[in-house]
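This is the structure, below, for whatever I ask next.
The values are calculated or read from the model by the stated rules, or taken from the named source; none is laboratory data. Keep in mind the model is a prediction, meaning the values are calculated, not measured. For neighbour counting, all protein chains shown are included, and Cβ atoms are generated from backbone atoms with ideal geometry for every residue, glycine included.
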Amino acid sequence: MELKDKLGRINPIIEWLKSSPGRINKIFIQKEKGHYRISEIINLAKANHIPLVFAPRERLDTLYPHHQGAVALVAEKEYVDLEDLLVKDRPAFLVILDEVEDPQNIGAIIRSAEGAGADGLILPERRSAGLTGTVARVAAGALAHLKVSRVTNLARAIEWLKTQGIWVVGASGEAQNRWFEFDYTRSIAIVLGSEGSGLRANIKAKCDTLLSIPMLGQVNSLNVSAAAAVFFYEVVRQRLISSQDID
């Protein structure tokens, strides 16, 4: 992460917390006694549900030389509320990432999602790369056009989406049904898991169905961004066919 993606001075951090809290991914707080206004940062961060990480001074030194006891990681764009991702005049198409931490993968997924016409992306507050400069560069302009929401509890967010009539589809390598064996013309949210371990058990349990992409070679899984593109363009295929049938 580049220095321009960070704030390390007290006054700018507080001003951002007051004016643009939705653009702060995370704040690192020095464990040892720091600037007297650190408590103000902590209180503002908690009020805006911004993740706090308490770390030794040495860790903050590596993030931002000459910091004042706090370092804020800044997002490339403002996050929106979960409700703002829903579109009223057509079936929803949402993407949920469960602890995907590689910014290269998140950027590639954003690019594919926007290209496939997704309405928005949902990220958990913790154990997920934020909307960093690397994410924006890999997304190649797509981030500017795709809404992104950050939620405290992914399982609860999925439960809420289901109350809105959205079917939740989990990508899981061990699932019996294939990725194309589902009706994507209805309102859907596709959930993709972390690079190493895939979907967490509690997130799998919240999905309406689990679907897989068969692997016929020697490796046992696709990169998460490649798997995402396969799922997204099945949504595109089915919806294009459905719209032609209506015409």
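Out of (1) in contact (Cβ under 8 Å) with a residue 24 or more places away in the chain; (2) in contact with an Asp or Glu (Cβ under 9 Å, 6 or more places away or on another chain); (3) in the same structural domain as GLU234 (by TED's automatic domain parsing); (4) in a loop (DSSP other than H, G, I, E, B), what's the single condition that is false for PRO91?
(2)
Just give me the residues in region 107-128 being in contact with a Leu (Cβ under 8 Å, 6 or more places away or on another chain) and among the hydrophobic types (A, V, I, L, M, F, W, C), in sequence order. Before the answer, list the steps.
Here is the first cut: in region 107-128, the residues in contact with a Leu (Cβ under 8 Å, 6 or more places away or on another chain) are 107, 109-110, 113-114, 118-124, 128.
If the condition is that a residue be in contact with a Leu (Cβ under 8 Å, 6 or more places away or on another chain) and among the hydrophobic types (A, V, I, L, M, F, W, C), then ILE109, ILE110, ALA113, ALA118, LEU121, ILE122, LEU123 are the ones that fit.
With the requirement that a residue be within 15 Å of the chain's Cα centre (by Cα) and part of a loop (DSSP other than H, G, I, E, B), what does region 180-199 give you?
Our first condition is that a residue be within 15 Å of the chain's Cα centre (by Cα); within region 180-199, this holds for 189-195, 198-199.
GLU195, LEU199, listed by residue number.
In contact (Cβ under 8 Å) with a residue 60 or more places away in the chain, surrounded by 14 or more Cβ atoms within 10 Å (Cβ to Cβ) and not aliphatic (A, V, I, L, M): is that true of GLY133 in this structure?
Working: in contact (Cβ under 8 Å) with a residue 60 or more places away in the chain: yes; surrounded by 14 or more Cβ atoms within 10 Å (Cβ to Cβ): yes; not aliphatic (A, V, I, L, M): yes.
It is true that GLY133 is in contact (Cβ under 8 Å) with a residue 60 or more places away in the chain, surrounded by 14 or more Cβ atoms within 10 Å (Cβ to Cβ) and not aliphatic (A, V, I, L, M).
For region 25-43, state whether one or more residues are at positive phi, loosely packed, with under 15 Cβ neighbours inside 10 Å, in contact (Cβ under 8 Å) with a residue 12 or more places away in the chain and not in a helix (DSSP H, G or I).
No: zero hits.
Right, another one. If you check VAL230, VAL169, VAL151, which single one turns out to be of a type in the set (A, V, I, L, M), surrounded by fewer than 18 Cβ atoms within 10 Å (Cβ to Cβ) and under 20 Å from the mean Cα position of the chain (by Cα)?
Of the residues listed, the single one that is of a type in the set (A, V, I, L, M), surrounded by fewer than 18 Cβ atoms within 10 Å (Cβ to Cβ) and under 20 Å from the mean Cα position of the chain (by Cα) is VAL230.
I would also like to ask the following. Taking TRP160 as meeting all but one of (1) among the aromatic types (Phe, Trp, Tyr); (2) out of contact with any Lys or Arg (no Cβ under 8 Å at 6 or more places or on another chain); (3) not in a helix (DSSP H, G or I), write down the number of the exception.
For TRP160, the failing item is (3).
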